[in-house]
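The values are calculated or read from the model by the stated rules, or taken from the named source; none is laboratory data. No experiment lies behind these values; they were computed from the predicted model shown. Heads up, the Cβs are rebuilt from the backbone with ideal geometry, glycines too, and the neighbour counts pull from every protein chain shown. Surface areas here come from the heavy atoms of the whole protein model, side chains and all, with no ligands, DNA or RNA. Shrake-Rupley method; radii C 1.70, N 1.55, O 1.52, S 1.80 Å.
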Amino acid sequence: SKLNCFFRWLILKGYIKQNPFEGIKYPRVIYGKRKFLPKRSLEKIISAVVSQSGSNLLKRKRDLAIINVLLYTGVRKGELLGIKIQDVDLESKTMHVHWETSKSKKDRDVPINKGLAIVLKDYLECRKNYPIKYTTPYLFVSIVRDAAMTTHGLKHLVEDIKIKSGVKFHLHRFRHTYAVNLISSGCDLAKTKQLLGHNDVRMTMTYLRSLPTSMMRNDVENLSLDSMLDYAE
């Protein structure tokens, strides 16, 4: 779609005479595969993080905090690595996401629930008492030096957890999981859009293509002849 639009612009400006995509049918995309992580997979992932053998205490607490931030805030990978300590307010239970790291190029504040607040506080206490006296402003740090966690370090962490948990996943699936469970808990689409930091509600809806039937069971059960809308024909 993006290339087709670009080629139409090239024709309009006189750079080319013919759109190479003209006459080509759009591919038929199948959205059958669920992208959110089920509860049993999440339990395996968290168990693998908590029971890491041979790792020090800070690494376990950091990795657990990372998984919980992904699961309970729905932040993207770049947003996760860009979070600074000053962005986390455990008193007001909010986390600030800067526009520089956001795909939507907008600042937003994401609420932190009680469970995540406890995990983050535990990690920050352990980090403060670690032999390395961290001066980096970033929330998630390297275990071997005074520096922020890198993209490579995060990738290595994910690969390690995949092996130990037996769950095949990528970080963006946590974002899908966050969105689906928000809707399941009763959060409306407008609020979900704001929490995810989307510019367009249509983007939010793409996260909800594979909602399980069980989520809609009560809505269907509530339908009856008495509840049907009525109007004068």
Degrees separating the helix 151-165 axis from the principal Cα axis of the chain, which is the longest one | 90
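Grab the Cα-Cα distance for Asp230 and Lys114, subtract it from 0.36 nm times how many residues apart they are, and report the gain in nm with one decimal.
Working: separation 116, 0.36 × 116 = 41.76 nm, distance 4.38 nm.
Computed gain between Asp230 and Lys114 is 37.4 nm.
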At 1.4 Å probe size, with every protein chain present, just tell me what the per residue accessible area of the chain comes to in Å².
-> 66
Length-normalised contact order of the chain in % [C-alpha pairs under 8 Å, at least 6 apart] = 22
A 1.4 Å probe over the protein heavy atoms gives the chain a carbon and sulfur accessible-area percentage of 56
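What FRET efficiency comes out for Leu12 versus Asp200 if R0 is 35 angstrom and r is the Cβ-Cβ distance? Round to the nearest 0.05. Each step should come with its number before you reach the end.
On the way: r = 24 Å, r/R0 = 0.69.
The formula returns an efficiency of 0.90 here.
Treating the beta-carbon of each Lys and Arg as +1 and of each Asp and Glu as -1, no other charges, what is the dipole magnitude of the chain about its Cα centre, to the nearest 20 debye? Provide the component values of the computation, followed by the final result.
On the way: 41 positive and 22 negative charges, 242 e Å.
Its charge dipole is roughly 1160 debye.
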Whole-Hz Karplus ³J(HN,Hα) for the stretch 221-233, in order, using 6.51 cos²θ - 1.76 cosθ + 1.60 and θ = phi - 60°, x for Gly and Pro?
-> 4, 6, 6, 8, 4, 5, 8, 5, 5, 10, 7, 7, 7
Applied in sequence order to the stretch 84-95, the curve 6.51 cos²θ - 1.76 cosθ + 1.60 (Karplus, θ = phi - 60°) yields integer Hz couplings, x standing for Gly and Pro, of 10, 4, 5, 7, 9, 10, 6, 6, 8, 6, 9, 10
Which angle between 0 and 90 degrees, to the nearest 10, do you get for helix 39-50 versus the longest principal axis of the chain when only C-alpha atoms count?
-> 20
